[in-house]
Amino acid sequence: MPRVRFAPSPTGYLHIGSARTYVFNWLYARKHKGTVILRIDDTDVDRNTEESLASIYDGLRWLELGWDEEYRQSERTELHRRMAQVLLEKGLAYRDFTPADPTKDSDAERSGPWLFNPEMRNLSPEESARRAAAGEPFVLRFRVPRNGHVLRFHDRVYGFQERATGEIEDFALVRSNGQPTYHMASCADDIDLRITHIIRGQDHLANTFKHLLIFEGLGVQPPEFAHLPLLIAPDGSKLSKRRHGAVVSVTTYRDAGFLPHAFVNFLCLLGWSPKDNREYMTLTELIEAFNLEGIKRANAVVNFTDKDPLDPKAVWLNSQHLRAMPIEELARRVRPLMERAGLPVPGDEAHFYRLLDVLRTRYQTLNDFVTRGIAYFSDDYPIEPAALEKLNAPGARELLHELADRLETDAEFSEQSVENILRGLAAERGVKAGLIINAARAALTGQTVGPSAFTVFVMLGKDRVLRRLRRV
RNA sequence: GGCGCUAUCGUCUAGUGGUUAGGACAUGGCCCUCUCAAGGCCAAGGCACGGGUUCGAAUCCCGUUAGCGCUACCA
């Protein structure tokens, strides 16, 4: 049974690229009856924030794709240090007492790659131990083989990869403050948690060789790897929380009234395809269709603009899910939004369902029900300027009042009976039925767009209709 | 700078030597129609560039360009 992990670091909110990585991990695990592990990679204590952690949970929970096990890396540092110690004792790692120098980080004037500091790498074990015992700070580095050793692995997405160890620098395993680095902590945990498949962003493709070294050094068979292409901004730059702000946060989609699994559907289509032209897919269909081989290697653009933070395809998919989902579930999701918006939820459930069902074909998000749909639930709705124009058409108000009088005696009050009465009135007065129809819609909903006017009559019910027609 | 990954309509993608390069979103039009949607139909729009290999290349190879990733105690 596969064991996969999603390992976000709490240094910002959950952005959609991370969310997609989670989705792919989840899908893979569910498809193969495996286990999903959430591991918070919070080894960088200086950059982690509680706020970020909360927003990651927020986003993840919203997706409605549950995980099975959960760990916090910061609570496992003993394990990481122990494994680092094993590497040191095996002679596969060494202490580097060179003081940290932030200026070395700049890529200016770089002629070639830095690989290691020979003096430190060649320090005798005795001297190394002596200096460490004396309290001199050091960073623990992996002693990367300098012979012709070549590392190889097969990536499930990017295929066969190889690299000579001679090109890899002696990377850090434990910082001078005693904190294990990402590479050390990640591999130690992957081993300890018996991770079988590492599905992660392509930004780790090059790092994988380092991880191979650690796995090998610890005498462990490395897991399988599948690296995912990155999600990028329309200008080709990488998605960054700093540059692109909230548009890349999953909460943007949540707050816009997206259905979690519609959003998941959208995320899947960024870099993966079922290859049979399907786009709209339920979660069940996604699980069934998902495979690592369907992932492509090129980065994908998330199509947002300053004006519209939502990718149009995501919106379309959401509207598809909105139309196709069971009406009971739709009601369950709309209800809390209505309550929050102060709109009364119809007591008659069947009636509520009917309303939602009529409205859903022209709405795109959950939010539409409580914004564009106000008039269907409450008497307190705004009259849009365009609607006012319809009402101001010559004779419109008088006709609506007359219509109200005639409807009052209509016991049946069905779409058909209402239509007969309305058309009868139009014919009598020698006006086009459309005039009354459009004016009626404007009066009843405050809008010029919406469902068939006759449907609106019946949905609102006789009392409301008469009241609204007469008060214009 | 070094190493690596990638490159099909505006966007997401199918395509692994022979296709009129297919689908979806978005865009424009038509149908339907009491409006708006939905739905149906149609249109426009693409193989980054240059060399090879081959009877034949979006597909294989090389180069260029561009983007991205990694590159001395971020993850």
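Send over the Kirkwood Rh of segment A:382-471, from the inverse of the averaged 1/r over different Cα pairs, rounded to one decimal Å. After inverting the mean inverse Cα-Cα distance, the result is 12.6 Å.
Accessible surface of segment A:214-316, 1.4 Å probe: 50 percent of it comes from carbon and sulfur atoms. Summed over the residues of chain A and divided among them, the accessible surface reaches 47 Å² per residue at a probe radius of 1.4 Å.
Overall, the ratio between the Cα radius of gyration of chain A and 2.2 N^0.38 Å, rounded to two decimals, is 1.36. Karplus-based coupling profile of segment A:58-75, in residue order and whole Hz: 3, x, 5, 5, 4, 4, 6, 10, x, 10, 9, 9, 9, 9, 10, 4, 5, 8, with θ = phi - 60° in 6.51 cos²θ - 1.76 cosθ + 1.60 and x standing for Gly or Pro.
Helical content of chain A, expressed as a calculated mean residue ellipticity at 222 nm, amounts to -13500 deg cm²/dmol (DSSP H runs of 4 or more residues, -39,500 (n - 2.57) each, divided by residue number, nearest 500). In segment A:390-464, taking the dipole from charged Cβ atoms about the Cα centre, the farthest positive-side position among A:454, A:396, A:422 is held by A:396.
Restricting the GluC sites (Glu not before Pro) of segment A:371-434 to loop positions (DSSP other than H, G, I, E, B) with no more than 12 neighbouring Cβ atoms within 10 Å leaves A:412.
The HN-Hα couplings worked out from phi for segment A:127-143 by the Karplus form 6.51 cos²θ - 1.76 cosθ + 1.60 (θ = phi - 60°) are 5, 4, 5, 4, 5, 5, 5, 6, x, 6, x, 8, 10, 8, 10, 6, 8 Hz, whole numbers, x standing for Gly and Pro. Placing +1 on the Cβ of every Lys and Arg and -1 on the Cβ of every Asp and Glu, with nothing else charged, gives segment A:1-96 a dipole about its Cα centre of roughly 580 debye. Residue A:150 contributes an accessible area of around 50 Å² to the protein surface, as traced by a 1.4 Å probe with all chains present.
Farthest toward the positive end of the dipole of segment A:28-172, out of A:60, A:98, A:151, is the Cα of A:151, where the dipole comes from beta carbon charges about the Cα centre. Alpha-carbon geometry of segment A:334-413: the Rg and the Dmax are 15.5, 42 Å, given in that order. So what does the Cα-only Debye profile of segment A:77-199 read at q = 0.13, 0.17 Å⁻¹, as log10 I(q)/I(0), no solvent term? Those come out to -0.63, -1.04, one per q. Against the main long axis of the alpha-carbon atoms of chain A, helix A:433-445 sits at an angle near 50°. Charging the Cβ of each Asp and Glu at -1 and of each Lys and Arg at +1, and nothing else, the dipole of segment A:382-471 about its Cα centre rounds to 240 debye. Loop-located GluC sites (Glu not before Pro) in segment A:103-199 (DSSP state not H, G, I, E or B) with no more than 11 neighbouring Cβ atoms inside 10 Å: A:109.
For chain A, a simple Cβ point-charge model (Lys and Arg +1, Asp and Glu -1, everything else neutral) yields a dipole of about 500 debye relative to the Cα centre. Amide H contacts for residue A:173 (H built 1.01 Å from N in the peptide plane; partners 5 or more residues away or on another chain; cut-off under 5 Å): A:140, A:141, A:142.
Rounded, prolate or oblate, given the Cα gyration tensor of segment A:235-323, with a/c below 1.5 counting as rounded? In terms of gyration-tensor shape, oblate. Under 5 Å from the amide H of residue A:301 lie the amide H atoms of A:232, each residue being 5 or more positions distant or on a separate chain, with H modelled from the backbone and absent for Pro and chain starts. Couplings 3J(HN,Hα) of segment A:9-20, computed from phi: 10, x, 10, x, 7, 6, 9, 5, x, 5, 4, 5 Hz, in residue order, whole Hz [Karplus 6.51 cos²θ - 1.76 cosθ + 1.60, θ = phi - 60°; x for Gly and Pro]. Applying a DSSP loop filter and a limit of 14 other Cβ atoms within 10 Å to the trypsin sites (Lys or Arg not before Pro) in segment A:21-95 leaves A:33, A:47, A:90.
Principal-axis analysis of the Cα atoms of chain A puts helix A:77-89 at an angle of about 30° to the longest axis.
The values are calculated or read from the model by the stated rules, or taken from the named source; none is laboratory data. Here the structure is a predicted model, which is why all the values come from computation and not from measurement. For neighbour counting, all protein chains shown are included, and Cβ atoms are generated from backbone atoms with ideal geometry for every residue, glycine included. The protein model used for the area step is the full one, side chains on, heavy atoms only, and it has no ligands, DNA or RNA in it. Shrake-Rupley method; radii C 1.70, N 1.55, O 1.52, S 1.80 Å.
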